[in-house]
Amino acid sequence: MSVETIASQPFQDQKPGTSGLRKKVKVFEKPHYLENFVQSIFDTQDGYQNAPLVVGGDGRYYNRQAIQKILRIAAANGCGRVLLGQGGIFSTPAVSHMIRKHNACGGIILSASHNPGGPDEDFGIKFNTPNGGPAAEKVTEAIYTATLHINRYRVLDTPDIDLDQIGTTQVGDMQVEIVDSVRDYADLMEQLFDFERIRALFQSGFRMRFDAMHAVTGPYAREILEQRLGAPAGTVVNGVPLEDFGHGHPDPNLVYAKELADHLFGPDAPDFGAASDGDGDRNMVLGRHFFVTPSDSLAVILANADLAPGYRSRVTGVARSMPTSQAADRVAAKLGLNCYETPTGWKFFGNLLDAGKITLCGEESFGTGSDHVREKDGLWAVLFWLNILAERRQSVAEIVREHWRSYGRNYYTRHDYEAVDSTAANGLIDALRAACATLPGQPLGSYTVDYADDFRYLDPIDDSVSEKQGIRIGFKDGSRIVYRLSGTGTEGATLRIYIEAYEADPAKHDLDTQQALAELIGIADSLAGIRKRTGRNEPTVIT
Ligand code: G16
């Protein structure tokens, strides 16, 4: 067993996006591609000689091959100990928890999140730092710079190990401890929420369906919902993780989790429905014949945080990503809590959470979380809702409607144009940026522009600055249109347009969202010249 140094050449396209490096599997399969990136992590990080490194992924195609490669590189670089989920499986929030619980030097997560999996689909790799969270921009920049200069990587010449057997294996001088992927995470959930109350809710005949979308949360949801909380067997559907997610698109929204949505809007709908994504960090929450937007979900959780034992009387503040609706801001204002607006990307919450400035945070992209880990957490959000439902004994729709009556309703929608020509998409954003200077004060339809800018974030903890985080157009009445390009797509560019309007009058809280926002949607289209610039007549996905 010897360490080999393999000569290699840089790839120019290894810049991590919103959440790690995401590419087609075919790209990762190119000789040296994955190896270069992983070696660049070891070349720029430290601590792995003495503290464990957590490794796991969402089980998608190429997960197992990638893990064997990572173990060989880790051993060759002097890593002392790896904590690996059984079968190479860990949900993203579970990795975050393992890093924190075991004082690890960090973690390597293999996932392309909600993107489809399979030989012709997507794969991804992400590095998380010792706080359990996605690496901050300065860390990902350092890794990226290393990938541009790399000329060799190290591997230990050793056979594959059995990833399925719990226990400890030696890989050269490195110890690989294969652990139960679920147990520690499920124990943590039990500390945060009132499992007895939720158990009683299920005993009272409350019915739910959790759609794991053939992705990583299946085993977690079965253990927590069906075993520990006593939900009837069959509550969790599509619960076996598959390498191609059963040909599905594991993105929990009304378009891709259609089967679940149809069931919740159908004649025999249960009381509660939920889904999670490929790697278990996103969530969608539904009531009987009722969809809760992620922005509203964050606001409702914040307003009801005292009902969960792990959050009672200890919420310090909240943060939301800039394009997320301002519903949580209204709750924070009423409760006298700090509310922060950050760029898109969970990594921007890390400093605020570490500094204790916020306890809860969320994003419109179906992400909700708290300071229990440093990732968004799909099942955590579902359990928070179950805890609220168990205490309040009202339906999801009643709880949300009551919330709107107290705080007003932020009508909200996101229109995505996927796989748009990158030059056209960049041109569209550049033109909007140029228009920002002259827009304030201008009337657009029945609205008047209050401010227009390209969002710039000054991190209040480390003073780092992130520029060009999305074009914001705010109107005098508080409505907003936001444009930005996705940082997670793997094909062309994805243009996202976020549209929001506030409605205080309860008599107007039951409109169809697209109708309530129709005028703003028209303004958003014509202001950006979407048809002309992209050649598209309608969005690919509306959420
Ligand atoms: C990632 C990030 C999120 C972000 C989302 C969408 O989620 O962790 O913070 O909101 O991407 O990003 P974009 O709009 O740039 O595509 P995930 O679940 O893909 O890891």
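The values are calculated or read from the model by the stated rules, or taken from the named source; none is laboratory data. The structure displayed is predicted, hence computed values, not measured ones. When we count neighbours, we look across all protein chains shown, and the Cβ atoms used for this are built from the backbone with ideal geometry, even at glycine. For accessibility, only protein heavy atoms count, side chains too; no ligands or nucleic acids. Shrake-Rupley method; radii C 1.70, N 1.55, O 1.52, S 1.80 Å.
Among DSSP bridges having both ends in the chain, what percentage is antiparallel? Round to the nearest 5.
So the antiparallel bridges amount to about 70 percent of the total.
Cross-link partners of K476 among lysines, defined as those whose alpha carbon lies under 22 angstrom from its own and excluding same-chain residues fewer than eight positions apart: K334, K508. Amide H contacts of D122: V25, G117, each under 5 Å away and 5 or more positions distant or on a separate chain (H built 1.01 Å from N in the peptide plane; Pro and chain starts excluded). Full extension of the chain between D510 and D173 yields a length gain of 115.0 nm, computed as 0.36 nm times the residue separation minus the alpha carbon distance.
Ordering K24, K15, K126 by accessible surface, largest first, gives K15, K24, K126; the 1.4 Å probe counts only protein heavy atoms, with every chain in place.
For each pair in K69/K126; K258/K532; K30/K347, compute the distance between the two Cα atoms and list the pairs where it is over 22 Å.
Beyond 22 Å: K258/K532; K30/K347.
Among the trypsin sites (Lys or Arg not before Pro) found in region 451-480, those both in a DSSP coil and sparsely packed, with 16 or fewer other Cβ atoms within 10 Å of their Cβ, are R456, K468, K476. The 3J(HN,Hα) values that the Karplus relation (6.51, -1.76, 1.60; θ = phi - 60°) gives for region 255-261 are, in residue order, 7, 8, 9, 5, 4, 5, 4 Hz. Gly and Pro appear as x. Computed over protein heavy atoms with a 1.4 Å probe, the accessible surface of the chain works out to 37 Å² per residue. Largest accessible area first, the listed residues T448, T534 line up as T448, T534 when surface is computed with a 1.4 Å probe on the assembled protein chains. Averaging 1/r over each pair of different alpha-carbon atoms in the chain and inverting the result gives 23.8 Å, the Kirkwood hydrodynamic radius. Which of the GluC sites (Glu not before Pro) found in region 420-523 are in a DSSP loop and have at most 11 neighbouring Cβ atoms, other than their own, within 10 Å? When the GluC sites (Glu not before Pro) of region 420-523 are filtered for loop state and at most 11 Cβ neighbours within 10 Å, E467 remain. For the chain, the carbon plus sulfur part of the accessible surface works out to 47%, probe radius 1.4 Å. I need the shape label for region 292-333. Rule: rounded when a/c is under 1.5, else prolate if a/b > b/c, else oblate, with a, b, c from the alpha carbon gyration tensor. Taking the square roots of the gyration eigenvalues as a ≥ b ≥ c, region 292-333 is prolate. When region 137-215 is described by a simple charge dipole with +1 on each Lys and Arg Cβ and -1 on each Asp and Glu Cβ, the residue from A186, Q170, H214 located farthest towards its positive end is H214. With +1 on each Lys and Arg Cβ and -1 on each Asp and Glu Cβ, and nothing else charged, work out how big the dipole of the chain is about its Cα centre, in Debye to the nearest 20. My answer is approximately 600 debye.
Under the classification rounded if a/c is under 1.5, otherwise prolate if a/b is larger than b/c and oblate if not, where does region 60-175 fall, given a ≥ b ≥ c as square roots of the Cα gyration tensor eigenvalues? Write out the running numbers ahead of the final one.
Working: a/c = 1.17, a/b = 1.10, b/c = 1.07.
Since a/c stays below 1.5, the shape of region 60-175 is classed as rounded.
Taking amide H atoms as placed 1.01 Å from N in the peptide plane, the amide H of T18 lies under 5 Å from those of G487, T488, each 5 or more residues away in sequence or on another chain.
Solvent-accessible area of L83, all protein chains in place: 0 Å² (probe radius 1.4 Å, heavy atoms, ligands and nucleic acids excluded). Given +1 at the Cβ of Lys and Arg, -1 at the Cβ of Asp and Glu and no other charges, the dipole of region 1-42 around its Cα centre is 300 debye to the nearest 20. Using only side-chain charges placed at the Cβ, +1 for Lys and Arg and -1 for Asp and Glu, the dipole size of region 340-464 relative to its Cα centre rounds to 560 debye.
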